[in-house]
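These notes are about the structure you will find just below.
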Amino acid sequence: NLSLPTDTKDVQKVILAPAKKHAFVSKRTGTLDLYTVDVDGKNEKMILSGTGRERPDAVALAIHPQKNVAALVSTRDNLKNKDGFLLNTLLVVDLETGETKRLADSERIQLIDWIGDRLVFVKITQGASEANPDRHKLMSYDLSSGSEKELATTNYFNDVVSAKGAIYYSPAVYKVNGTVGLYKIQPDGSGKKTVFEKEVWNILRTSYDKLNVSVGQDW
């Protein structure tokens, strides 16, 4: 709220900070807690306290480009599979209220990107054998509708990259579900295209308009 005098012609300086919060994870209390803060450093707040069960190498954070929402991957719930392996949990966190929504529990969760209101990520199917051709799933979660969509499945993805509003992915040849290659798909599952028809090991975005890919010994 601002009170501006109407009886002066002096310039009134108003300093603003974006309403969108910056989010970060810190271990200052001894646990890996999720904080929010204004970009000018004011109004810092712990929005989600850690449980002490988080493995530092398993924590990942992806902040929505426009809304006060973030995706958080951690082992905070101490869930384990039948073999005693600690599972990752994917939460969508409201950075204003601290409310959370659980999207997935998996042996491995890889955050790819927010594209508009869609969160793109890769997860391992629980209980699937190492030779299962549907072991890894490329998923899209729609924040506005709360629905999930499976974009692609295979035993293993060599690489997945987000660029210019689309997802580029390359299935590995081992137990591949379909054929190997470099594929492009929109985050809502539409517009799937084959870009390259050989196994791609790595995808590197070298400029805004270019991807470099490694194919065998070649780039």
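The values are calculated or read from the model by the stated rules, or taken from the named source; none is laboratory data. Only a predicted model underlies this, so the values are computations on that prediction, with no experimental measurement involved. Every residue, glycine as well, gets a Cβ built from its backbone with ideal geometry; the counts of neighbours run over all protein chains shown. SASA here: full protein model, heavy atoms, side chains in, ligands and nucleic acids out. Shrake-Rupley method; radii C 1.70, N 1.55, O 1.52, S 1.80 Å.
All but one of (1) acidic (Asp, Glu); (2) under 18 Å from the mean Cα position of the chain (by Cα); (3) open to solvent by 90 Å² or more (accessible area, probe 1.4 Å) hold for Asp83, so report the exception by its number. Looking at each condition in turn, Asp83 falls short on (2). Only one of the listed residues (Tyr174, Tyr156, Tyr169) is aromatic (Phe, Trp, Tyr) and open to solvent by less than 40 Å² (accessible area, probe 1.4 Å). That residue is Tyr169.
Annotation note: of Ser140, Ser144, the sole residue that is polar (S, T, N, Q) and open to solvent by 30 Å² or more (accessible area, probe 1.4 Å) is Ser144. Scanning region 31-59 for residues that are open to solvent by 50 Å² or more (accessible area, probe 1.4 Å) and part of a loop (DSSP other than H, G, I, E, B) returns Val39, Asp40, Gly41, Lys42, Asn43, Glu44, Ser49, Thr51, Gly52, Arg53, Arg55.
Being open to solvent by less than 70 Å² (accessible area, probe 1.4 Å) and closer than 20 Å to Gln66 by Cβ, is that true of even one residue in region 5-18? First the steps, then the outcome.
From region 5-18, those open to solvent by less than 70 Å² (accessible area, probe 1.4 Å) are 5, 8, 17; that's our starting set.
Subset that is closer than 20 Å to Gln66 by Cβ: 17.
Within region 5-18, one or more residues are open to solvent by less than 70 Å² (accessible area, probe 1.4 Å) and closer than 20 Å to Gln66 by Cβ.
Among the residues making up region 135-156, those that are in a strand (DSSP E or B) and among the basic types (Lys, Arg) are Lys137, Lys149. In summary, Gln66 fulfils each of the numbered conditions (1) within 17 Å of the chain's Cα centre (by Cα); (2) among the polar types (S, T, N, Q); (3) open to solvent by less than 40 Å² (accessible area, probe 1.4 Å) with the single exception of condition (3). In region 118-134, the qualifying residues are those that are under 15 Å from the mean Cα position of the chain (by Cα) and open to solvent by 40 Å² or more (accessible area, probe 1.4 Å), and the one that is farthest from Tyr169 (Cα to Cα) is Arg118.
Note on region 122-158: residues that are within 22 Å of His64 (Cα to Cα) and either without any contact (Cβ under 8 Å) to a residue 40 or more places away in the chain or out of contact with any Gly (no Cβ under 8 Å at 6 or more places or on another chain) (or both) total 15. Criterion applied to Gly189, Gly181 was being at positive phi, open to solvent by less than 20 Å² (accessible area, probe 1.4 Å) and more than 14 Å from the chain's Cα centre (by Cα), and the one residue passing it is Gly181. For region 92-104, a tally of residues being surrounded by 17 or more Cβ atoms within 10 Å (Cβ to Cβ) and free of Cβ contacts under 8 Å to residues at least 40 places away in the same chain returns 1.
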